[in-house]
1. So if we plug the beta-carbon distance of Leu182 and Glu106 into 1/(1 + (r/R0)^6) with R0 = 41 Å, what FRET efficiency do we get, rounded to 0.05?
2. Rank by packing, highest mean first: peptides 109-115, 130-136, 29-35, 215-221, with packing defined as the count of other Cβ atoms within 10 Å averaged across residues.
3. For the range 80-226, just say rounded, prolate or oblate: build the C-alpha gyration tensor, square-root its eigenvalues into a ≥ b ≥ c, call rounded for a/c under 1.5, and beyond that prolate if a/b exceeds b/c, oblate if not.
4. Can you give me the relative contact order of the chain as a percent, contacts being Cα pairs under 8 Å and 6 or more apart?
5. Give me the percent of DSSP beta bridges within the chain that run antiparallel, rounded to the nearest 5.
6. For the peptides 187-194, 57-64, what is the packing order when you average, over each peptide's residues, the other Cβ atoms within 10 Å and list the highest mean first?
7. Over the Cα atoms of the chain, what Rg and Dmax result, in angstrom?
8. Beta carbons within 10 angstrom, averaged per residue: use that to sort the peptides 228-238, 242-252, highest first.
Amino acid sequence: MSSISYAEAVQLSSRVRRVTARNPGRMTGPGTNTYIVGNEQLAVVDPGPAIDEHIDALVRICGDRLRWILVTHTHRDHSPAARPLAERTGAELVGNVLPSDGFQDETFMDARPLAQDDRISTEEFTLRALLTPGHVSNHVCYLVEEDGMLMTGDHMMGGSTVVIVPPAGNMRDYIASLERMLAYPLSVVAPGHGELIPQPAQEIERLIKHRLQRETKVVAALGQLGPSTLETLTPHVYDDVDPILHEWAARSLHAHLIKLIEDGRANLNGEVWSLQQA
C-alpha cells in the first residue's frame, strides 16, 4: 500500500483537493477518497465513513465555506460522514437514495436527488452529475468541468476491479455506463479509492474490454462444465484471482450470469446456471 497522509488535504488542481479517510483495507485500498471542490463556496464529494478524525479534518479544512455535500453512492465507506458533516456545517445533502439491501448506509436520507447532467455551479467551478448505475443502481459520478476531472466513487477505482453486487448492482448497466462516459471530455479520473487515473478514455475502454473478456470466460466455463452452481463456476472463471477474494468475485460472477440471462444466453434453474440452447 502506498504511503498516505490521513486527515490532510492534497492539492490536485487549483480548485480540487483530496482528503483520504483512515479506513484502509482489501476493498478500500489506502482508504476512501473525499474530494473538496472550490476555494470560496465549497462542495465535498464522498465525505466517507463516519470516522471522527476524518470528519474533524473536513470541518477544519472547509470551515464555514461548505455549501454542498454530495455522495457518489450510499455504500458504508462513502456516505456515513455526510449527515454529521451536514449537522456541523449546515451544508446541503445531495445524492440519490436507495432502499436498503443490506449494503446501504441508512443514515443518508432527505437529500436533493440528481438527474442526468444536473449541475452545481459557482464562479469557480461547475459540477456535472453523470448517472452511472452498475456498481449500484444509485451511483453518480461528478465531473469538474473546468478540469475535466471525473470523480468516480466506486465506478472506477485505482488498481482494482469494481465488484458488482446484484440486485442493486447490474453488469449490463455497468458496461453501458462506462460506454456513455466516453462521450464526455475527460482529462483525468479521481477514483473513490487510490490515486488519480490518467488517460480516462483508454482506461474506460480497457475496463469494458476486461468485463467482456470475463463474460467470455463465464460462457466458456459453462460450456466446459455444463450446468453449474456459482460455487463451482467461481474458481474456473476467476482462476487469475487470489482465492481469498473469490467470495467477492462470486458476486460479480453472479452479475455476469444475470447479464447473460438478460441477453438470452443463459438459464437459471434453482441454483444451477446453464447456457441457453440454440
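Every number in this text was worked out from the coordinates using simple rules, so none of it is lab data. If you're wondering where the values come from, they're calculated on a predicted model, not measured in any experiment. Please note: Cβ atoms are built from the backbone with ideal geometry, for glycine as well, and neighbour counts cover all protein chains shown.
1. 0.75
2. In decreasing order of mean packing, 109-115, 130-136, 29-35, 215-221 become 29-35, 130-136, 215-221, 109-115.
3. Oblate, since a/c reaches 1.5 and b/c is not below a/b.
4. 11
5. So the antiparallel bridges in the chain amount to around 70 percent.
6. On the way: 187-194: 23.2, 57-64: 16.5.
Highest-to-lowest ranking by the protection proxy: 187-194, 57-64.
7. 19.3, 64
8. Details: 228-238: 17.5, 242-252: 14.7.
The peptides rank, most packed first, as 228-238, 242-252.
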